[in-house]
Amino acid sequence: MKGNDTILLFLEEVGLIGRFTGKFLSQWFKPRYEWNELLRQCYVIGYKSLPLVGMTGFIMGLVLTMQLRPTMLSYGVESQIPAIVGISIIREIGPVITALIFAGKIGSSIGAELGSMKVTEQIDAMEVSGTNPFKYLVVTRVLATTLMLPVLAILSDAISLYGAYLGVNINGVTSAHLFWMQVFDSISFNDVLPAFIKTYFFGFAVGIIGCYKGYYSTKGTEGVGKSANAAVVVSSVLIFIIDLLAVQITELLGYN
Amino acid sequence: MNSSALTNEIEDNIVMSITGLCKSFGKNVVLNDFNLTLKSNQNIVVLGRSGSGKSVLIKCIIGLLKPDRGSISLFNEEVSTLGDEALDQLRAKLGFLFQSNALYDSMTVRENLEFPLRRHWIKYNPTEVDVLIKEALTDVGLLDTIDMMPIALSGGMRKRIALARTLILKPSIILYDEPTTGLDSITSKEIIQLIISIKQKYHTSALIISHDMNCVRMASDLVIILLDGKCYACDTFENLKNAEDQKIKQFFE
Ligand SMILES: Nc1ncnc2c1ncn2[C@@H]1O[C@H](COP(=O)(O)OP(=O)(O)OP(=O)(O)O)[C@@H](O)[C@H]1O
Ligand SMILES: [Mg+2]
């Protein structure tokens, strides 16, 4: 019985998120366009997550290289480290880690911000004063996360690879030229493009879930906390699901 | 039609009429067959106990809540039948003061007041916007807070900023949800004066929710008592004050 209820609640939630997404898709291209707010959100969402994303990317690259080294050494393929690290960062680790950090930082702040606006009737006030709050708040934020996450992911990839370069140089000496040549030789277009495209979907998921959770926040400060929390949890899980789907699709299309 | 006849007609024009309004939340019946008519250049004060549904009533009027039954018509337009665009046009003629103020807390006072003007983003140029904002702030006596954040203001100051934001577009019908709650008696008298002078200057109509007897006495043309979801009594302040009915008396003691 209880299990049934949980399943029903889950399906209801999925339906509501679907409807919210539908509303976004049917509204985002219609005027009036909130350019100023979009730019401001891109700045807030993109620029402000840069240090965090950069730092985690750097550490990931460095640590991954150092962890791989003993195994690679024992197989005698130490020289392949840049290629292996490069592929794993660009295809999987860069986009996914960046998206998860992004969900933690941006998803929760969107959830909490919209949630508290909802609770203190600010969203109602916007509606009354002739600004469509869905366009002003939701559309701008979702577009900003969708546009900014790919940029952040590319930057994070680059910083990760730099971290990897330092990692390689801790135990031996590899010239920068050789390192980057090895990395880029091993990477093909088919590695970069699917990974790049999926970050758009990650960004979209973080934005939509954060906004949905905030926009329909239940009354009270506890509701705001719950919205922020749920935004992170749901969007993180969704990132993995999208990742799973992406790999299936690229496999099917023969780009893998 | 000549202009004086036109003015006359506007004088007793009904700008808002509510008939048979019902609204419940689950089993909680809040409004049950509520009726009201508001004429042009008339201030009606709604009295009612806490939780009697006053805020729900004005949220239904402005379309934030959907009534279960009944009709609300503003300027002879039925609110429930309007599409988004038309509803928006209608709302441009309405002012709404939230009980909770609902100031945008991530924006400065200036940006808060600018927000309703976005509706007319072509109509006003930056200097005009500036003039309007300063005028509205001067009206509530808070010109020096123009660059402050709402969080840095006291509760009463926030109420006055919210009032300035409501009035900045000079709406024809203003819905005030407790405009003087939380203000000291001097400031609240000033606010009441402001409400009265706005009515005289711009010939606006207003629905005022208030517990403040000063406000009821000074600002009302008519007083409505909301009891059990119905309009229990509707008369002038003096008449109601001297009424024999026990339930009405409670409010004036
Ligand atoms: N969104 C809502 N969901 C459920 N119930 C609600 C909602 N809004 C109001 N109510 C209920 O409607 C009733 C009337 O609420 P309302 O806010 O209109 O009271 P009020 O007359 O404005 O009181 P006060 O003078 O304290 O502001 C209350 O019982 C409240 O619980
Ligand atoms: Mg109320």
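The values are calculated or read from the model by the stated rules, or taken from the named source; none is laboratory data. Since the structure is predicted, the reported quantities are computational estimates derived from the model, not experimental observations. A quick note on method: Cβ atoms are made from the backbone with ideal geometry, for glycine too, and the neighbour counts reach across all protein chains shown.
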B:Asp212 being more than 14 Å from every other protein chain (Cβ to nearest Cβ), among the acidic types (Asp, Glu), within 16 Å of ligand 2 (Cβ to nearest atom) and buried (at least 17 other Cβ atoms within 10 Å of the Cβ): yes
Residue check, B:Leu167 touching a residue at least 60 places away in the same chain (Cβ under 8 Å), within 16 Å of ligand 2 (Cβ to nearest atom) and buried (at least 23 other Cβ atoms within 10 Å of the Cβ): no
Qualifying positions in the stretch A:1-34 - touching a residue at least 60 places away in the same chain (Cβ under 8 Å), assigned to a helix (DSSP H, G or I) and surrounded by 13 or more Cβ atoms within 10 Å (Cβ to Cβ): A:Ile17, A:Phe20, A:Thr21, A:Lys23, A:Phe24, A:Gln27
The stretch B:55-85, residues that are more than 16 Å from B:Ile173 (Cβ to Cβ), part of a helix (DSSP H, G or I) and touching a strand residue (DSSP E or B) at 6+ places or on another chain (Cβ under 9 Å): B:Ser55, B:Val56, B:Ser80
So B:Leu117, is it more than 8 Å from every other protein chain (Cβ to nearest Cβ), in a helix (DSSP H, G or I) and in contact (Cβ under 8 Å) with a residue 12 or more places away in the chain: yes
The stretch A:167-207, subset touching a Leu at 6+ places or on another chain (Cβ under 8 Å) and within 30 Å of A:Gln41 (Cα to Cα), residue surrounded by the most Cβ atoms within 10 Å (Cβ to Cβ): A:Val206
Tabulated pairs, the stretch B:95-106, first at the interface with chain A (Cβ under 8 Å from one of its Cβ atoms), second part of a loop (DSSP other than H, G, I, E, B) and at pLDDT 90 or above, C-beta under 6 angstrom, 6+ apart or interchain: B:Phe98/A:Glu121; B:Ser100/A:Glu121; B:Ala102/A:Glu121
Filter result for A:Tyr165 (touching a helix residue (DSSP H, G or I) at 6+ places or on another chain (Cβ under 7 Å) and of a type outside the set (A, V, I, L, M)): yes
Filtered residues of the stretch B:36-54 (kept if surrounded by 18 or more Cβ atoms within 10 Å (Cβ to Cβ), within 15 Å of ligand 1 (Cβ to nearest atom) and among the polar types (S, T, N, Q)): B:Ser52
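Matching residues to (1) among the charged types (D, E, K, R); (2) touching a His at 6+ places or on another chain (Cβ under 8 Å); (3) away from chain A (no Cβ under 14 Å); (4) in contact (Cβ under 8 Å) with a residue 12 or more places away in the chain:
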| site | (1), (2), (3), (4) |
| --- | --- |
| B:Asp139 | yes, no, yes, yes |
| B:Leu142 | no, no, yes, yes |
| B:Met148 | no, no, yes, yes |
| B:Gly156 | no, no, yes, yes |
| B:Thr181 | no, yes, yes, yes |
| B:Ile192 | no, no, yes, yes |
| B:Lys230 | yes, no, yes, yes |
| B:Lys241 | yes, no, yes, no |
Scope the stretch B:175-205; condition under 24 Å from B:Lys93 (Cα atoms) and within 16 Å of ligand 2 (Cβ to nearest atom); matching residues: B:Leu175, B:Tyr176, B:Asp177, B:Glu178, B:Pro179, B:Thr180
Every pair of residues 6+ apart whose Cβ atoms lie under 8 Å, when the first sits in the stretch B:49-74 and is more than 16 Å from ligand 2 (Cβ to nearest atom) while the second is acidic (Asp, Glu): B:Gly70/B:Asp33; B:Ser71/B:Glu78; B:Ile72/B:Glu78
